[in-house]
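First the structure, then my questions, so here it is.
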Amino acid sequence: MKPINVGLLGIGTVGGGTFTVLARNGEEITRRAGRPIRITVVADKNTELARKVTAGAARVTDDAFSVVTDPEVDIVVELIGGYGVARELVLKAIEYGKHVVTANKALLATHGNEIFAAAQKKGVMVGFEAAVAGGIPIIKALREGLTANRIQWIAGIINGTTNFILSEMREKGMSFESVLAEAQKLGYAEADPTFDIEGIDAAHKLSIMSAIAFGIPMQFDKCYTEGISRLTREDIAYAEQLGYRIKLLGITKRKAHGVELRVHPTLIPAKRLIANVEGVMNAVLVQGDAVGATMYYGRGAGAEPTGSSVVADLVDITRMHTADPEHRVPHLAFQPDRLADLPILPMDEVETAYYLRMRVADKPGVLADVTRILADLNISIDAMVQKEPSEGEDQTDIILLTHLTLEKHINSAIGRIESLETVTGKVTRIRMEELGAR
Ligand code: HSE
């Protein structure tokens, strides 16, 4: 049967992995797809590298626009990244009637609504399995495997760099700065690691999953995002003593009046499976009303793991290529004219539990003042630890775990606690989730 022709934009890590996987498993992939999938042209600024990777098996060009308008190309794979030229290329490919596969979470999180609308109008498919959690087939799971369910919440470790940093801080008692330097040396974190450590990369991925889970448009701009750069090894150690691990979680929850969409460091019980996901690995925990909790674990980055997801999309598109667009799986799982207008809740309205650490004078009445403030705001305390003051010190750390409360209430409590004369400096606040699987 006639092969399907693919134009690859960008032959860096993921492009190289995609090329290798297709070449190595081509025979089995053809048996699955029903026809051969052939990368016929590769565009990269570094044509020398592209020639080396493709070894004569594909035409090489430095002009990506010539690929997206090439009448011989059926599917364009965009692996350039960023939202500038990548957006132009994807929209141009769609305009020229090409199906698109992309690993670009930043592009989809910020321009996904525009891209899916254009693809819908043109009757082409946009595959993006590789954009969320690398090699883990979480898009397929959310969009198809769990389609019977009313999804209640998703909690995911969806950034390997930050998970590696947190694992190292906990296991070796190292500071954030020194582990970050190690991660950069190992090539896990980017030279400019802001997107990873400030939670932006995770927020991109979470916004995509939230849209698919709840049938709402992508709303990355409304995602609350807090990274791990201010976490201390002391808090990680205190959390451990209390039976918790701290993970950078992407959390999205369906509530009565809207959807919670937030990325932040989170205490989770150490006994949970997801709390034991260490190093660069990713995991996504999904709670559906029918299935209960399901968890998806694997490599969230890397050449062949991410290439595995790109090729899965190529196979899907090859199979569905001739199907009536009406009968294809909708991009965001729900039919585009049936998206809900559930609002993303402001952080003040988010309900969760909290870990609070404060430095206080070691004298009578201090604890009573703090607990009175919490009681006045109807915040119930779940656990409390007071550290022995160090030799010769008259100050000590108090750690409080609260029951569920609204973020606005904890914010007022923190304001009032910080204004007590007996409390020194800022109160450290870390959100907590039980993630109880039902
Ligand atoms: N920078 C990402 C991570 C990998 O550390 O998980 C690609 O999404």
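Working only within region 184-226, note down all residues that are within 16 Å of the ligand (Cβ to nearest atom) and at positive phi.
Listed by number, the residues that qualify are GLY187, GLY199.
Moving on to the next point. From LEU231, LEU249, LEU261, grab the single residue that is assigned to a loop (DSSP other than H, G, I, E, B) and touching a strand residue (DSSP E or B) at 6+ places or on another chain (Cβ under 7 Å).
Going through LEU231, LEU249, LEU261 in turn, the sole match is LEU231.
Are there any pairs, at least 6 apart or on different chains, whose C-beta atoms fall under 6 Å, with the first in region 280-306 and more than 15 Å from LEU248 (Cβ to Cβ) and in contact (Cβ under 8 Å) with a residue 40 or more places away in the chain and the second within 16 Å of the ligand (Cβ to nearest atom) and of a type in the set (S, T, N, Q), and if so, which?
If the second residue must be within 16 Å of the ligand (Cβ to nearest atom) and of a type in the set (S, T, N, Q), the pairs left are ALA303/THR13.
Can you tell me which residue among ALA119, ALA203, ALA211 is assigned by TED's automatic domain parsing to the domain that holds SER309, under 19 Å from ALA106 (Cα atoms), in a helix (DSSP H, G or I) and in contact (Cβ under 8 Å) with a residue 40 or more places away in the chain?
Every option except ALA119 fails the conditions.
So in region 267-283, with the set limited to residues that are assigned to a helix (DSSP H, G or I) and open to solvent by less than 10 Å² (accessible area, probe 1.4 Å), which one is nearest to the ligand (Cβ to nearest atom)?
Looking at the filtered set, the residue picked out is ILE274.
Please determine, by comparing only the residues of region 66-80 that are in contact (Cβ under 8 Å) with a residue 60 or more places away in the chain and not aliphatic (A, V, I, L, M), which one is most open to solvent (accessible area, probe 1.4 Å).
GLU72
Considering GLY10, GLY34, GLY15, which residue is on the phi > 0 side of the Ramachandran plot and buried (at least 22 other Cβ atoms within 10 Å of the Cβ)?
Every option except GLY10 fails the conditions.
Another question, then. Quick check on my filter: what residues within region 81-97 are open to solvent by 10 Å² or more (accessible area, probe 1.4 Å) and modelled with pLDDT of 95 or more?
Across region 81-97, the qualifying residues are VAL85, ARG87, GLU88, LEU91, LYS92, GLU95, TYR96, GLY97.
Counting only residues that are under 15 Å from VAL311 (Cβ atoms), acidic (Asp, Glu) and within 27 Å of the chain's Cα centre (by Cα), give me the strands (runs of 3 or more DSSP E) lying completely in region 1-95 with at least 1 of them.
Once the strands (runs of 3 or more DSSP E) in region 1-95 are filtered for at least 1 residues that are under 15 Å from VAL311 (Cβ atoms), acidic (Asp, Glu) and within 27 Å of the chain's Cα centre (by Cα), what remains is 75-78.
Hey, any hits in region 163-179 for a residue that's of a type in the set (Gly, Ala, Ser) and either buried (at least 23 other Cβ atoms within 10 Å of the Cβ) or within 16 Å of VAL284 (Cα to Cα) (or both)?
Looking for residues that are of a type in the set (Gly, Ala, Ser) and either buried (at least 23 other Cβ atoms within 10 Å of the Cβ) or within 16 Å of VAL284 (Cα to Cα) (or both), one finds none in region 163-179, hence no.
To continue, here is another question. Need the failing condition index for VAL126 against (1) in the same structural domain as ALA43 (by TED's automatic domain parsing); (2) of a type outside the set (D, E, K, R); (3) within 16 Å of the ligand (Cβ to nearest atom), just the number.
It fails just one condition, (3).
The values are calculated or read from the model by the stated rules, or taken from the named source; none is laboratory data. Keep in mind the model is a prediction, meaning the values are calculated, not measured. Positions of Cβ are generated from backbone atoms using ideal geometry, with glycine treated the same way; all protein chains shown enter the neighbour counts. Remember, those area values only see protein heavy atoms, side chains included, never the ligands or the DNA or RNA. Shrake-Rupley method; radii C 1.70, N 1.55, O 1.52, S 1.80 Å.
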